[in-house]
Amino acid sequence: MENVLRPLIVVGGTVVLVLVVGWAVDRLLRRADERHRETPLWGLLRRVRIPLQVVLCTAALRGAYPQMGILTNQSALIGRGLTLVLIGCTAWLVIRIAAAVVESSYARYAHAHRDPARVRRVRTQVALIQRVVTAVVGVVAAAAMLLTFPGMRTAGASLLASAGVLGIVAGVAAQSTLSNLFAGLQIAFGDMVRLGDTVVVDGEWGTVDEITLTFLTVRTWDDRRITMPVSYFTAKPFENWSRGTPQMTGTVFFHVDHSAPVEAMREKLRDILRECPAWDGRAWDLSVTDTTPTTLEVRALATAKDADDIWTVRVTVRERMVRWLTERHPYALPRVNTADAVLPPGRPDGRADGRGDGHVPRGRSRFHEVPRKG
């Protein structure tokens, strides 16, 4: 009877103790969150309740297992299994705590600073820092798990003896991965591109949606996702419309007839922009930028506070200007001349007595003698 009650008492007492400790920690964090509303750290730390309970339960079972007196012939195997679970849960707990601290720091910075560019830069940096911490903790936890096996300790000593050769081999094999890793750190702390920036990559316009240590995702205007290695942004040129100030200048080109009323178009552009909420009022212009044998090229210019608004301004100007020309000045639209050609006088085929085409009439010489006097 004692062999049955002892394991039940140990396991049941451990579970109850862990639940009580977890409940108490959650209550303390909730009260701290209510007292300190200016920082979200305490509220974010409440996410660690489950991994904390698992760590406490595993540690208690690992320490109390020798007193249970069950499966004594498998004690080494069960103890190693509990140790592996304890290491994994500890890594989970550390990652949750690090994430809470990083998110709390970013939230406080975003609340204190109103500059969107600086906030996006810090957001990118803390996101990559969090990923680095997660990767480091995961590698350390995996190494600690492997070292619990006696055979792996011997293998580890052998690996350390040949660390130079393995380092060279690993460096060559993981060259692209390492380059992307360092490129990700360079992007994060070099302020080249940030989360939320508007970029143009390979002719595609979109917003930076995700940045990791190895790849970067751009969300296009039609909700497609373009995933590219981060090393691309350190090796090739790209457009970053959010670099510096987000204000932009947009252009719209029109091809009109030579008789188009340019001055009236300039006044109409001003009226269109005044009625467009996306125009920021900084600047506007309409100029004839080029001419062809059949049309004039007219450029309309306007400004807006960001990339989204400049798109709205351009489509509004294009639509309303074409409609106005169609309704008020249809003659100003480009036309294709389909009238019959006017031939020069002399012959029906346009030739004047065969002259100028290399034809010499019969009885006449190409060269004419000058009559002599007397």
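In a simple Cβ point-charge model (Lys, Arg +1; Asp, Glu -1; nothing else charged), the range 248-332 has a dipole of about 100 debye relative to its Cα centre. Seen from Trp23, the other residues with C-beta closer than 14 Å to its C-beta sum to a net charge of +4, counting Lys and Arg as +1 and Asp and Glu as -1.
What is the range 248-332's relative contact order, in percent, from Cα pairs under 8 angstrom and six or more apart in sequence?
Working: 139 pairs, mean separation 35.9, N = 85.
In percent, rounded to a whole number, it is 42.
When you filter the trypsin sites (Lys or Arg not before Pro) in the range 213-304 for DSSP loop state and at most 10 other Cβ atoms inside 10 Å of their Cβ, you are left with Arg224. Between Thr245 and Val200, the simple spin-label model (points 7 angstrom out along Cα→Cβ) gives 2.0 nm. Between Cys276 and Trp23, the modelled label-to-label distance comes to 6.4 nm, taking each label 7 Å out from Cα in the direction of the beta carbon. Each Lys or Arg adds one and each Asp or Glu subtracts one; over the other residues with Cβ under 9 Å from the Cβ of Asp197, this totals +3.
For the pair Thr294 and Tyr232, label points projected 7 Å from Cα toward Cβ lie 3.9 nm apart. Gyration tensor analysis over the Cα atoms of the range 248-332 returns equivalent ellipsoid semi-axes of 23, 13, 10 Å (largest first, whole Å).
For every other residue with a beta carbon closer than 10 angstrom to the beta carbon of Arg49, add +1 if it is Lys or Arg and -1 if Asp or Glu, then tell me the sum.
Values: positive: Arg46, Arg47, Arg96; negative: Asp26.
Around Arg49, the charge tally is +2.
Readers should treat all values here as calculations from the given coordinates under stated rules, not as data from a laboratory. Small disclaimer: the values here were computed from a predicted structure and weren't measured. A quick note on method: Cβ atoms are made from the backbone with ideal geometry, for glycine too, and the neighbour counts reach across all protein chains shown.
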